[in-house]
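A short write-up of the structure that comes next.
A short reminder: the numbers here are calculations on the coordinates, not readings from a lab. Just so it is clear, the structure is predicted and the values come from calculations on it, not from any experiment. Virtual Cβ from ideal backbone geometry, glycine too; neighbours counted across all protein chains shown.
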Amino acid sequence: MKKDFLAISDYTSQELQALLDLAEELKAEWKAGGNEPVLQGKVLAMIFQKPSLRTRVSFDMAMRHLGGDALYLSPAEIGLGKRESIADVARVISGYVQGVMARVFAHEHVVELAKWSSIPVINGLSDYNHPCQAMADALTIQEEFGTLKGVNVTYVGDGNNVAVSLMHVCAKLGANFTIANPKGYDMPAESIAEARRFAAESGSTLTFLRDPHKAVRGAQVIYTDTWTSMGQEEEAARRAKVFPPYQVNAALVAEATPEVIVMHCLPAHRGQEITDEVADGPHSRLFPQAHNRLHAQKAILVQLLR
Ligand code: CP
Ligand code: NVA
């Protein structure tokens with residue numbers, strides 16, 4: 001297993017499946033009364049260049065449940081690459097704590113941090129992908145359908161960081177991935193090429209469409225995310241004009257399979273990419289999915305920090 005957890009594409013399907021199985025075990029253990037303090041004496045520094053609810057709280061609580069501790073370092077404090085070079089931050093912090101979780105704008109910044117750190121570095125979201133989210137998503141799908149193999153997952157919306165890591169985890173673990181996104185908002189060609197290699201190995205299918213109605217036919221999972229990601233705020237008005245046909249609403253959900261579950265990494269922009277009716281309706285798994293961040297990340301922490 002690698003020192004760092006930076007992207008789904010860095011891990012083999014066996015390693016990812018082992019992490020999911022460990023997450024299930026740790027979740028069951030926690031539900032049965034509490035986790036073993038296997039990370040006692042270990043501290044995770046959490047560096048944020050962007051806001052967060054789920055990532056911040058779930059990593060902090062995961063460390064506490066495992067007997068360790070976490071330090072929150074806000075965008076104003078570290079000034080990663082601004083107040084101090086990333087290489088210097090990495091080498092200093094490596095002498096203080098046992099692991100780092102970082103949420104950054106440019107993916108190369110978390111890669112740089114990992115390169116210069118002697119301790120594990122976990123990507124808590126970059127402009128390229130959101131691998132911890134993808135692990136929680138995969139755990140949610142596995143709990144619902146027993147496996148990812150052969151499950152039809154449809155992503156509707158922007159071809160963003162969340163879409164890329166979801167596509168990669170599906171392709172690695174054998175789920176069939178379909179995306180419907182508007183022209184001009186495709187995932188990076190390189191990420192798609194990687195996914196094609198993973199899908200060829202796992203035997204899953206990849207489908208790239210513009211029409212959300214076609215995309216949800218046969219879907220067992222419908223997934224969406226914000227139309228405007230953090231760092232793209234100046235594009236919000238333009239995006240708000242392009243994306244309305246990609247709203248996940250009751251009419252769209254009705255075109256999928258009867259057992260379809262609806263997922264969203266959150267925060268949700270209700271009335272934009274998802275309606276209240278769907279977010280709070282019987283198909284929604286939004287909150288169990290958010291709670292699974294805790295369990296999926298415990299597995300990553302145990303694997304890397306123990
Ligand atoms: N889904 C997710 O990463 O949420 P936060 O931005 O609140 O951490
Ligand atoms: N795509 C979103 C995900 C937020 C968790 C963003 O990058 O802002």
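Computed quantities for the displayed model
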read-out	value
Cα centroid of the range 110-147 to Cα centroid of the range 1-57, whole Å	8
Full-stretch length increase - residue 118, residue 270 - with 0.36 nm per residue and alpha-carbon distance subtracted	50.5 nm
Pairs beyond 29 Å (Cα-Cα), from 27/82; 149/298; 214/241; 82/298; 3/149; 2/149	27/82; 82/298
On Cα atoms only, tilt of 13-31 relative to the major axis of the chain in degrees	80
Whether the range 2-159 is rounded, prolate or oblate, judged on the alpha carbon gyration tensor where a/c under 1.5 counts as rounded	oblate
Residues whose placed amide H lies under 5 Å from that of residue 70, excluding near-sequence neighbours	44
Residue 200/residue 43 FRET efficiency (R0 30 Å; Cβ-Cβ; nearest 0.05)	0.15
Trypsin sites (Lys or Arg not before Pro) lying in DSSP loop within the range 73-150, provided at most 16 other Cβ fall within 10 Å	82, 83, 149
Segment residue 96-residue 3, extension gain: residue separation times 0.36 nm, minus the distance between their alpha carbons	31.7 nm
Mean Cα-pair separation over length for the chain, i.e. relative contact order, pairs under 8 Å, 6 or more apart, %	20
Full-extension gain in nm, residue 76 to residue 185, via 0.36 nm per residue minus C-alpha separation	36.1 nm
Gaussian network model of the chain, Cα within-10 Å springs - most flexible of 99, 157, 271	271
Order by protection proxy (mean Cβ within 10 Å, highest first), peptides 128-136, 37-45	128-136, 37-45
Listed residues 273, 194, 84, most fluctuating in the chain (Gaussian network, C-alpha, under 10 Å)	84
Rounded tilt (10° steps) of 131-145 against the dominant C-alpha axis of the chain	50
Efficiency of FRET from Cβ geometry, residue 25 and residue 250, R₀ 30 Å, rounded to 0.05	0.25
Sum of side-chain charges, residue 126 neighbourhood, beta-carbon under 10 Å (Lys, Arg +1; Asp, Glu -1)	0
Overall form of the chain per C-alpha gyration tensor (a/c, 1.5; a/b vs b/c)	prolate
The range 83-164: relative contact order as a whole-number percent, Cα under 8 Å and 6+ apart	25
Selected from 50, 214, 241 as most flexible by GNM, with the chain as the system and alpha-carbon contacts under 10 Å	241
